[in-house]
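Chemist: What follows is a single structure, and I will ask about it in a moment.
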Amino acid sequence: MSLLKTVGLRASYGQVDVLLGIDIDVSEGEMVVVLGANGAGKTTTMRAVSGTIARSGSVVFDGQEIVSQSAESIVRLGVAHVPQGRGTFSELTVEENLRIGAYIRKDSIESDIARWYETFPRLEERQNQRAGSLSGGEQQMLAIARALMSRPRLLLCDEPSLGLAPLVTQELFEVLKNLNEQDGLSVLLVEQNANLALKVASKVYLLETGQVVASGSAEAIAGDERIRKAYLGG
Amino acid sequence: MERLLQYIFDGLSFGAIYALLALGLVVVFRGTGHLNFAQGEMAMFCTFIIWQINDWGVPLILAVVIGMVFGFLLGAGTEATVIRSVAKKSPGGVFVVSIALFLGLNSLATMIWDRAEGYTMGSLFPNKPLDFVRVLGAEWRYKFIGVLVVALALMGLLFLLFSKTKFGLAMRSVASNPESARLVGVPSGVVLASSWGIAAAMGALSGALVGGINGQLTPSLMFSVFIYASAAATLGGLDSPGGAVIAGLSIGIGEQLVAGYIPGWIGQDLKLSVALISIFVVLLVKPSGLFGSLKVERV
Amino acid sequence: MLKIKEGSLQHWAIRIVGFALLALLVIYIPTQSETARIGQFASAFTLIIAAMSLNMVLGFTGQISLGHSAFFGIGGYTAAILIRDHGWSPGYTFYAAAVIAFVVGCLIGLPVLRIRGAYLALVTLAVAVLFPTLLRWKKLEWLTDGAKGIDSVKYDDLPVWPILGELKGRDGRAVFSYWLGLLVLVIVYLVCRGLIRSRVGRSLIAIRDNETAAAVMGVNVTRTKVLIFGISASMCALAGVLATLNSGVVTPDGQFVTLLGSIIFLLIMVVGGAGTLSGPIIGGLVYVWLDNTTRGIGTDSSGVLGFVFGWTDQSPATLILGLALIVIMLFAPTGLMGLLRKLTRRIMTIIPRDISPTQ
């Protein structure tokens, strides 16, 4: 069953059209990855879904049209966005970052905090430190944990591996995979590291200059010789 | 010794008022990155509203509360209508708009309350000649004690709001990273309007306290207080509430000491200059104030 | 819509006609208007010069300054003191004021320009507030005459400029102020234009747009900033000299010597269009016009204005100014100059000369 479905999604920065009509479909419980070169429109696609940029076309989340909704209300529907560059609140402590992540919730959040500390023990060690003082990998963990604090049904994750050491990246992907497989969390992932992404994802979209140029199951894309050569670096 | 205590005590009361208005500047600056040049004039206007309501027969303390609510609406309304749409077009424009508000509110107050000799403002605290206690030889007037207590109490409340409540956390998150704040569902519009509102409400209270000390109310009531407050905010760091309080109190005390101990050479007129020059010196060494952080760029 | 090539015959024709109209207007005012009107223009010229000087700092380098009223005051006091106490001829005081203000400007600029943004606004605000208290300071009374200021700055020898004809009495004084103001204005304008188009100017704009990048590109940021601050200060002092020569009085409470002066210069610059060469001219004329028209509104007004403002004895001039400013920031954030450009672009475009290299 389709959880997120975009049809003819368009967006632009000023005069420059960045998205020329994107069709993406994420089913409940699926992990979908968006690949593409720099400037293909991957980040813009994420922002258009989460509502942090003006866009047109159609974005249906859980049967509801959200293309004209604001970012503040989209997160309430169950879409959490981990932006590129992490977007942590540097002046706030680690724990405060987690608490503000649950801003939309009215119920108790203590068990959630404990759970994410368990998943990311390094965050617990640094719970009273300012987020700005964390390392890149720790910030990325914090950004993901913060997004999860809102108990989303769909997690948008924009290049979590950016600027991280390979080991840390693997650790993060392990967590994402577990969340997807064990908790049934749907994930839409943007990634530069195609080989890694293809291992965890079930479906792949390939973007080029604001358009989807290929899509299919991860195996099919990984197996397609032509696509491998053109986009995945052999 | 008594003299020194007297100066310190008087200085603390004045300093608390400067700190209150300076906190308003800091709340707006931290929340929105803008410098509100009209902070003092908003406070002055609210003080006239308080006077007017009091003049109509409402008890002063109630009038002050109403004035603070009026201040909140004035500040929040200004942000939501004018400031926000100007900020979208040009960040520097907000400073210009705040100058326009400075001129406009001053002019409007002069037009409405146009008695040249000013108006008599009541004090919230007992203010007869004998209303003081003697502590260690220094005269501690009730009205100064009252000012100090009220100002410190409000600062305490504000501190609790910022550090202990969910809304305070939301305000700090918007100040830290507006886009991420939207992504976690914080209604940034409400938060921004509230920071202007809170700043203006604090201004209203500081205006009422200044008016009560002076006993007199004219449209120029807050100008020099605003200069002291902006000095305090600069000295403490525009994004540091604690810095504003410490700097405000220090400036208050320093001013009394300077005027008291070297009156011949400096004189009453120049005590303001002493405050300003010391800020100058501090900024040369630390360009973003004593407790401020360095990332600030916008005007 | 018209399309005109830069440097083509039509382009030159437009330039010449425009220039001729401007020249006609400039000559028409002092010869055909009443004295009061001529005086208004003379004071507009002073304000325009001050706004232009601020524009060099704020509009082109992006350094805010609320302290320019102090430089205006330095000019005004230099002229007054030199003429009254030392018997200088008015003309030479321009040079003295420019040099003094340049030195003071650099001395203030050197430490201050390390400070940025909102902090710079507040520090220069302190300069503006300090200056008048300094003038009133008892220890400086021997020089500044303290709170009462220096009046009766008399100079009887109006230079004889044969082209202008006989300049006598109040009318003659106004016409003289007009031409003198215009002369200084033109010089300051040309200096600004030369600076902007020079290497220095390009570094200025680079600093405004991205200071770090400019520094990386080899612009000596500190030296350029301080130098421009000094030049700007001396231009503003010229405006101060003019104001003293026009009115014959300087006091520490004078409108343009206090913080209010800095605010007015800033408003003129913003209303006209910050970062444009002609912006301050339009802004200054509009400001003086608005000020003179609204000053008179009050209880004795009739019609709509009387209805709206009839309830108060006070002039609503400043309120109207504030409201006008908010309207401009809301609907024309690039100022009147930006608005004008948008309008002319609807009618015609000037196509720049081909910049591809010619072999």
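Values in this text are rule-based calculations from the coordinates and carry no lab data. Computed from a prediction, not measured in an experiment: that's the story for all the values here. Cβ coordinates were reconstructed from backbone atoms using ideal geometry, including for glycine residues, and neighbour counts include every protein chain displayed.
Chemist: Of B:Phe14, B:Phe162, how do they rank once you tally other Cβ atoms within 10 Å and put the fewest first?
Modeler: The order, fewest Cβ neighbours first, is B:Phe162, B:Phe14.
Chemist: Any idea what the relative contact order of chain C is, in percent, if you count C-alpha pairs under 8 Å spaced at least 6 apart?
Modeler: 31
Chemist: In region B:93-129, which residues have a backbone nitrogen under 15 Å from the label point lying 7 Å from C:Ala147's Cα in the Cα-to-Cβ direction?
Modeler: In region B:93-129, the label zone of C:Ala147 (backbone N under 15 Å from the point 7 Å along Cα→Cβ) covers no residue.
Chemist: Could you derive backbone 3J(HN,Hα) for region C:95-110 from the dihedral phi with the Karplus parameters 6.51, -1.76 and 1.60 (θ = phi - 60°), listing whole Hz in sequence and x where the residue is Gly or Pro?
Modeler: Calculated HN-Hα couplings, in order: 5, 4, 4, 4, 5, 4, 5, 4, 5, 4, x, 5, 5, 6, x, 3 Hz.
Chemist: A follow-up question, please. Say each of A:Ser70 and B:Tyr142 gets a label point 7 Å from the Cα, pointing the same way as Cα to Cβ; how far apart are those two points in nm?
Modeler: With each label placed 7 Å out from Cα toward Cβ, I get 4.8 nm.
Chemist: Can you tell me, using C-alpha contacts under 8 Å and at least 6 residues apart, the relative contact order of region B:2-223 as a whole percent?
Modeler: 42
Chemist: Can you tell me the dipole magnitude for region B:82-153 around its Cα centre, using point charges on the Cβ only (Lys, Arg +1; Asp, Glu -1), in Debye to the nearest 20?
Modeler: For this selection, approximately 300 debye.
Chemist: What is the order of B:Trp140, C:Trp12, fewest Cβ neighbours within 10 Å to most?
Modeler: So the residues, fewest neighbours to most, are C:Trp12, B:Trp140.
Chemist: Would you mind checking which residues have amide H under 5 Å from A:Met31's amide H? H placed 1.01 Å from N; only 5 or more apart, or other chain.
Modeler: A:Val187, A:Ser202, A:Lys203
Chemist: Ok, one more. Enter the Cα centre distance for the pair region B:116-193 and region B:207-225, rounded to the nearest angstrom.
Modeler: Spelled out, the Cα-based centre of one part sits 17 Å from the other.
Chemist: Taking θ as phi - 60°, what are the ³J(HN,Hα) couplings along region C:329-343 by the Karplus curve (6.51, -1.76, 1.60), each to the nearest whole Hz, with x for Gly and Pro?
Modeler: 5, 6, 10, 9, x, 8, x, 5, 5, x, 4, 4, 4, 4, 5
Chemist: I want the local charge near A:Asp25. Using Cβ-Cβ distances under 14 Å, sum +1 for each Lys or Arg and -1 for each Asp or Glu among the other residues.
Modeler: -2
Chemist: Rounded to the nearest 500 deg cm²/dmol, what is the calculated helix-only ellipticity per residue at 222 nm for the protein assembly as shown, with -39500 (n - 2.57) per DSSP H run of length n ≥ 4?
Modeler: Computed mean residue ellipticity for the protein assembly as shown: -20000 deg cm²/dmol.
Chemist: Considering amide H positions built from the backbone, and no H for Pro or chain starts, which residues 5 or more places from C:Thr349, or on another chain, come under 5 Å of its amide H?
Modeler: C:Leu2, C:Lys3, C:Ile4
Chemist: Additional query: How big is the dipole moment of region B:1-134 about its Cα centre under a simple scheme where the beta carbon of each Lys and Arg is +1, that of each Asp and Glu is -1, and everything else is neutral? Debye, nearest 20, please.
Modeler: The dipole magnitude comes to about 420 debye.
Chemist: Most fluctuating residue of B:Gly203, B:Gly156, B:Gly252 in a GNM of chain B with Cα springs under 10 Å: which is it?
Modeler: Among B:Gly203, B:Gly156, B:Gly252, the largest GNM mean-square fluctuation belongs to B:Gly156.
Chemist: For A:Tyr13, C:Tyr77, C:Tyr178, C:Tyr189, which order do you get if you count the other beta carbons within 10 Å of each Cβ and list the fewest first?
Modeler: A:Tyr13, C:Tyr189, C:Tyr178, C:Tyr77
Chemist: Would you please give the FRET efficiency between C:Trp88 and C:Asn210, computed as 1/(1 + (r/R0)^6) with r the Cβ-Cβ distance and R0 = 45 Å, to the nearest 0.05?
Modeler: The computed FRET efficiency comes out at 0.50.
Chemist: Please give the FRET efficiency for C:Cys106 paired with B:Leu161, using the beta carbon to beta carbon distance and R0 = 45 Å, rounded to the nearest 0.05.
Modeler: 0.50
Chemist: Another question, then. Of the residues A:Ile22, A:Ile74, A:Ile109, which exhibits the maximal mean-square fluctuation in a Gaussian network model of chain A defined by a 10 Å Cα contact cut-off?
Modeler: Its mean-square fluctuation being the largest, the pick is A:Ile109.
Chemist: Loop only per DSSP, at most 16 neighbouring Cβ atoms within 10 Å: give me the chymotrypsin sites (Phe, Trp or Tyr not before Pro) in region B:215-286, ordered by residue number.
Modeler: Here the chymotrypsin sites (Phe, Trp or Tyr not before Pro) that fit, given the DSSP loop and packing criteria, are B:Trp265.
Chemist: Tally Lys and Arg at +1 and Asp and Glu at -1 over the other residues with C-beta under 14 Å from the C-beta of B:Gly75: what net charge comes out?
Modeler: Charge balance near B:Gly75 sits at -1.
Chemist: Given R₀ = 41 Å, what would the calculated FRET efficiency be for C:Leu323 paired with A:Ser135, taking r from the Cβ atoms and rounding to 0.05?
Modeler: My answer for the efficiency is 0.20.
Chemist: HN-Hα J couplings of region A:13-25 from phi, Karplus 6.51/-1.76/1.60, θ = phi - 60°, integer Hz, Gly and Pro as x?
Modeler: Result, rounded to whole Hz: 9, x, 7, 8, 7, 9, 10, 10, x, 9, 10, 9, 9.
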